[in-house]
Amino acid sequence: MKLLEFKIDINASKEKVWNTMLQLETYKQWVGAGWPGSSYEGEWKQGQALRFGAPGQGGTYAEVRELSPHKHVHLEHTAAINADDSLDRDSEMAKGWVGTTESYIFTENNGKTTVTVQMKTNPDWQEMFDEGMPPALEKLKELCEG
């Protein structure tokens, strides 16, 4: 696994950034800047599972391992989702994805929030995140500051 890190400073409270990042409608907007059509199903609660992806295109299945509102959320991907919406833990693609972790850390200083995204992932996925995460975080910033 390879550790990737992305950061962005946003001129908004960590509560506003948290809510904008995780509420379904605004989630679709900011994530869509990096991965068009992406959404999620499930609840952002510790111990719950979330399904990420775009209809008919597959995605990933992740469990919320840690969650402290307005401070951090840590996810672990435990399966891939096939285009037919079935869970996949056995294909080569799924084996390369299972075990990927994502952490989002929110720190506020004088009304400005720094969002730090840390990912441990298979090196095969680095290019996808390097290309998708910066525009997604820029869109998050735009939504929070607009």
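What do you reckon, is residue 35 touching a helix residue (DSSP H, G or I) at 6+ places or on another chain (Cβ under 6 Å), modelled with pLDDT under 95 and under 25 Å from residue 8 (Cα atoms)?
Details: touching a helix residue (DSSP H, G or I) at 6+ places or on another chain (Cβ under 6 Å): yes; modelled with pLDDT under 95: yes; under 25 Å from residue 8 (Cα atoms): yes.
Considered against the rule, which asks whether it is touching a helix residue (DSSP H, G or I) at 6+ places or on another chain (Cβ under 6 Å), modelled with pLDDT under 95 and under 25 Å from residue 8 (Cα atoms), residue 35 comes out as yes.
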Task: All positions within segment 69-124 that are without any contact (Cβ under 8 Å) to a residue 12 or more places away in the chain, in a loop (DSSP other than H, G, I, E, B) and either among the small types (Gly, Ala, Ser) or closer than 27 Å to residue 8 by Cα (or both) - done: 86, 91, 110
Open item on the list: Can you go through 41, 63, 25 and tell me which one is loosely packed, with under 15 Cβ neighbours inside 10 Å and within 13 Å of the chain's Cα centre (by Cα)?
Closed with: 41
Open item on the list: Considering only residues that are crowded, with 16+ Cβ neighbours inside 10 Å and either touching a strand residue (DSSP E or B) at 6+ places or on another chain (Cβ under 7 Å) or not in a helix (DSSP H, G or I) (or both), which ones fall in segment 29-38?
Closed with: 33, 34, 35, 38
- [ ] Filter segment 1-29 down to residues that are within 18 Å of residue 60 (Cα to Cα) and of a type in the set (Phe, Trp, Tyr), then give me how many there are.
- [x] 1
Open item on the list: I'd like the residue in segment 93-128 that is in contact with a Phe, Trp or Tyr (Cβ under 8 Å, 6 or more places away or on another chain) and among the aromatic types (Phe, Trp, Tyr) and, out of all such residues, is surrounded by the most Cβ atoms within 10 Å (Cβ to Cβ).
Closed with: 97
Open item on the list: Taking the conditions exactly as written (among the acidic types (Asp, Glu), part of a strand (DSSP E or B) and farther than 23 Å from residue 88 by Cβ), does residue 41 satisfy them or not?
Closed with: no
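The values are calculated or read from the model by the stated rules, or taken from the named source; none is laboratory data. What you are looking at is a predicted structure, and each value in this text was computed from that prediction instead of being measured. Positions of Cβ are backbone-derived with ideal geometry, glycine not excepted, and every protein chain shown enters the neighbour counts.
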